[in-house]
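S.K.: The structure is given below, and queries will be raised subsequently.
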Amino acid sequence: MARGFFVTFEGLDGSGKSTQLRKLAQWLTAQGKQVTATRQPGGTRIGDRIRELLLDSRTENLAARTELGLMFSDRAQCIAEVIRPALERGEVVLCDRYTDSTEAYQGGGRQLGSEIVLELHRALCENLWPDLTILLLPDFERSLERARNRNARNVHNGRDENRFEQEDERFYRRVYDKYREIAAREPGRVVMIESDAGIEEVHRRVVEAVKARIGH
Ligand code: TYD
């Protein structure tokens with residue numbers, strides 16, 4: 001099977017993932033690569049409906065396991081409809097969040113543990129793992145501050161995707177710690193960019209990590 005290259009971006013809310021994903025997509029396109037960019041939750045029509053349910057702060061009483069199941073329902077759809085076909089066409093797929101988010105937020109944040117997440121990944125995601133994961137993790141205080149600022153902006157924009165941003169500091173601490181645990185466990189796949197180096201410097205490091213793996 002012809003196979004492309006699969007890159008995911010991870011980090012806390014407001015970590016600059018989406019900006020870095022866009023910049024990498026531009027860089028890859030300039031190198032003549034075919035790029036498919038997507039995000040989770042969302043990225044498909046069904047996924048967008050699931051996303052609304054998950055992120056709308058009016059969603060009440062969502063049990064942690066329901067949340068977990070919805071994240072994987074969204075992902076299974078995105079793999080079937082977007083990721084797998086693009087990889088089979090030999091493209092580079094960039095995905096804003098993937099199963100590491102579920103391990104960090106539902107496994108860590110919601111305290112469901114890693115095992116159930118990894119089991120569901122095996123069962124529902126054809127055990128498809130990225131070739132490379134960029135984890136953007138500035139220090140914890142800075143990450144929290146950014147997430148809060150973004151939360152305030154979302155309110156001003158009239159958007160209502162703040163269900164996760166309303167979580168308290170202890171929740172985000174558990175998410176943060178779980179991300180670090182994943183990075184330590186999988187150093188071959190996960191490249192953690194810890195410093196708060198500014199957009200251009202982080203982009204340079206992201207490109208370096210990609211080049212090292214796709215051989216430019
Ligand atoms: P999004 O608006 O995509 O935020 P960000 O710009 O921070 O990526 O919102 C996604 C939210 O959903 C984010 O708070 C993390 C959460 N999430 C999970 O809890 N588990 C998951 O598996 C995924 C993909 C996202």
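Read-outs: derived from the displayed coordinates by stated rules, not from any lab. Because the structure is predicted, anything quoted here is derived from the model rather than measured. Please note: Cβ atoms are built from the backbone with ideal geometry, for glycine as well, and neighbour counts cover all protein chains shown.
S.K.: How much net charge surrounds ARG163 when only other residues with a Cβ under 9 Å from its Cβ are counted (Lys, Arg +1; Asp, Glu -1)?
M.R.: The answer is -4.
S.K.: If one computes the Cα centroid of segment 18-67 and of segment 85-137, what distance in Å separates the two points?
M.R.: Centre-to-centre (Cα) distance: 12 Å.
S.K.: Run the reach check for LYS23 against lysines, Cα to Cα strictly under 16 Å, same-chain hits fewer than 8 apart removed. What comes back?
M.R.: LYS33, LYS211
S.K.: What lysines sit close enough to LYS178 to cross-link, taking a C-alpha to C-alpha distance under 23 Å and skipping anything fewer than 8 places away on the same chain?
M.R.: By straight Cα distance, LYS178 reaches LYS17.
S.K.: Turning to a different aspect of this structure: How many nm is it between the label spots at ILE46 and GLU60, if each spot is 7 Å from the Cα in line with the beta carbon?
M.R.: Going from the ILE46 label point to the GLU60 one covers 3.0 nm.
S.K.: Let me ask you something else. Farthest toward the dipole's positive end in the chain, which of GLN31, GLY109, GLY4, given Cβ charges of +1 (Lys, Arg) and -1 (Asp, Glu) about the Cα centre?
M.R.: GLN31
S.K.: Under the classification rounded if a/c is under 1.5, otherwise prolate if a/b is larger than b/c and oblate if not, where does segment 1-108 fall, given a ≥ b ≥ c as square roots of the Cα gyration tensor eigenvalues?
M.R.: prolate
S.K.: How many times 2.2 N^0.38 Å is the alpha carbon radius of gyration of segment 5-214?
M.R.: Relative to the 2.2 N^0.38 Å estimate, segment 5-214 comes out at 0.97.
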